[in-house]
Amino acid sequence: MKNSASSRPNSHSPMRMAADELALIMVRCELMEEGEPFEISSVEGGVSSNVWYIRTRSGRDMIAKRPLARLNVEQEWLADQRRSNFECMFLRDVRACVPENVASVLAHDVESHTLFIEYFPTQAFFNWREEILAGRTHEEAGAGIGATLAKIHHYFAQNSDARERYDARDILQGTRIDPYFDAITKRHPKLSKKIDKLRSQTLKADSVVIHGDVSPKNILVAPNRQILLDAECACIGDPAFDPSFLLAQLLLKTLVVIEREKEIMAACQGFITSYFDGVIWEDKHSLEQRAIEYLGLFLLARIDGKVPVPYIRDDNIKALAREFGTNLLNLKDKKISDVLGSWSMMINEQYANLESFRISNT
Ligand SMILES: Nc1ncnc2c1ncn2[C@@H]1O[C@H](COP(=O)(O)OP(=O)(O)O)[C@@H](O)[C@H]1O
Ligand SMILES: [Mg+2]
């Protein structure tokens, strides 16, 4: 996490305006006294929200977060600011099952869509995406986050009252269906039948609440502890969505951090083992088949969708991921651990090419 901007910017800067507005909201939410000085700095790393670190004079620190109406990505992507309500509700609900793995909510100002949550200090909690890209895999985090995710899905599978509160499919349409499913159908019309099936499955499913954005950049890692952040896309849905969303991101990282391929794949293996160990609300085999299809789609979407991963720019490397993802969409009756094995094999076969890409990319 990088903090920028000082606490006393000039009076017309966006930071100063944000600080003045946040001060009013924090007083209203009883997070500080009127007129109490506080430090504020913006936190970089996300594309869909303004995120600030705040420390009040009394020494209380916190994160304030407000969703943007237009996301900071290259292509036009508008999204509903009610995402903040769902994030708040999700964080409050899942503390019942994973209290150590999500931030506690300090306050939520519905009117301004501003959420105040517990801050995890950067000295002890590291962003998993940045860590992996820097060659530090934190292999054990895979199993930890797998167990956390299974507990969350199980909690919602058992709790229909809670599930009913997450009918955010209109938001899901804007945040996931349009940029991932629809963008890929446009780019790969031959796959449209398969993707249409997955799209309607995603929009119909209601057995759990999905987090919707389980990706390394939304996970903080510390020894024996992982924090799952950024639940703005929480929505009733198909549990197979979440593990595949994360796996796609982890697999793609092996294309650019090839010297850590074994550790990253071990993290993936740990993740699926502990996630599927925790799948006790439905047939594991059926969930696994759906997860493989979603994985195919998400690999394609991260190359050709609205939000491609920024670290893969070489066309030959893109083609590898594209071909692998397309094959997964057509696989029948496979095991996800075999899929991981095939990915490793592909990486090893392509090692020389990937190595030259890595050198030209640095
Ligand atoms: N509670 C927190 N403690 C520490 N860092 C945080 C916290 N919440 C968010 N961050 C940092 O800010 C980044 C952006 O926050 P996130 O909730 O993911 O917003 P966005 O929706 O914009 O992606 C995260 O990737 C993380 O590095
Ligand atoms: Mg995020």
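Each reported figure results from applying straightforward, stated rules to the coordinates on display, with no laboratory input. Computed from a predicted model, the values in this text were never measured in an experiment. Using ideal geometry, Cβ is built from the backbone for each residue, glycine included, and neighbour counts are taken over all protein chains shown.
So the values come out like this:
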| item | result |
| --- | --- |
| Principal-axis tilt of helix 140-158 within the chain, Cα atoms, nearest 10 degrees | 80 degrees |
| Projected area, mean over directions - the chain, Cα convex hull, nm² | 17.8 nm² |
| Computed magnitude of the charge dipole of region 126-361 (debye, nearest 20; Cβ of K, R +1, Cβ of D, E -1) | 520 debye |
| Distance histogram in 5 Å bins (all Cα pairs of region 30-155, percent per bin) | 2, 9, 15, 19, 20, 19, 11, 4, 1, 0 |
| Crossing angle, helix 315-329 versus the chain [Cα axis fit, 0-90 degrees, rounded to tens] | 80 degrees |
| Ordering of 46-57, 240-251 by packing [mean C-beta count within 10 Å, highest first] | 240-251, 46-57 |
| In region 102-208, the GluC sites (Glu not before Pro) that fall in loop regions by DSSP, at most 10 other Cβ within 10 Å | GLU111 |
| Long-range HN-HN contacts of ASN50 with modeled amide H, under 5 Å | ARG66, LEU68 |
| Order by protection proxy (mean Cβ within 10 Å, highest first), peptides 255-267, 346-358 | 255-267, 346-358 |
| Karplus-derived HN-Hα couplings along region 183-193 (A = 6.51, B = -1.76, C = 1.60, θ = phi - 60°), whole Hz, x at Gly and Pro | 4, 6, 4, 5, 6, 10, x, 5, 8, 4, 4 |
| Estimated inter-spin distance, GLU323 and GLN350, nm [label 7 Å along Cα→Cβ] | 0.8 nm |
| Calculated FRET efficiency for the pair ARG225/SER58, C-beta based, R₀ 22 Å, to 0.05 | 0.25 |
| Extension gain (nm, one decimal) between ARG136 and ARG313, 0.36 nm per residue minus Cα-Cα | 61.5 nm |
| Chain lengthening between SER286 and ASP167 when straightened (0.36 nm per residue, less Cα-Cα) | 40.5 nm |
| Per-residue Cβ neighbour rank within 10 angstrom, fewest leading, LEU203, LEU329, LEU149 | LEU203, LEU329, LEU149 |
| Separation of the ARG70 and ASP178 label points, Cα + 7 Å toward Cβ, nm | 1.3 nm |
| FRET efficiency estimate (nearest 0.05) - Cβ-Cβ, GLU259 to GLU21, R0 41 angstrom | 0.35 |
| Listed peptides 176-185, 307-316 by packing density, highest first (mean Cβ within 10 Å) | 176-185, 307-316 |
| Unsatisfied cross-links (Cα-Cα over 23 Å) in the set LYS253/LYS318; LYS194/LYS253; LYS193/LYS253; LYS204/LYS253; LYS197/LYS334; LYS151/LYS197 | LYS194/LYS253; LYS193/LYS253; LYS204/LYS253; LYS151/LYS197 |
| Helix axis angle, 14-28 relative to the chain longest principal axis, alpha carbon, degrees | 70 degrees |
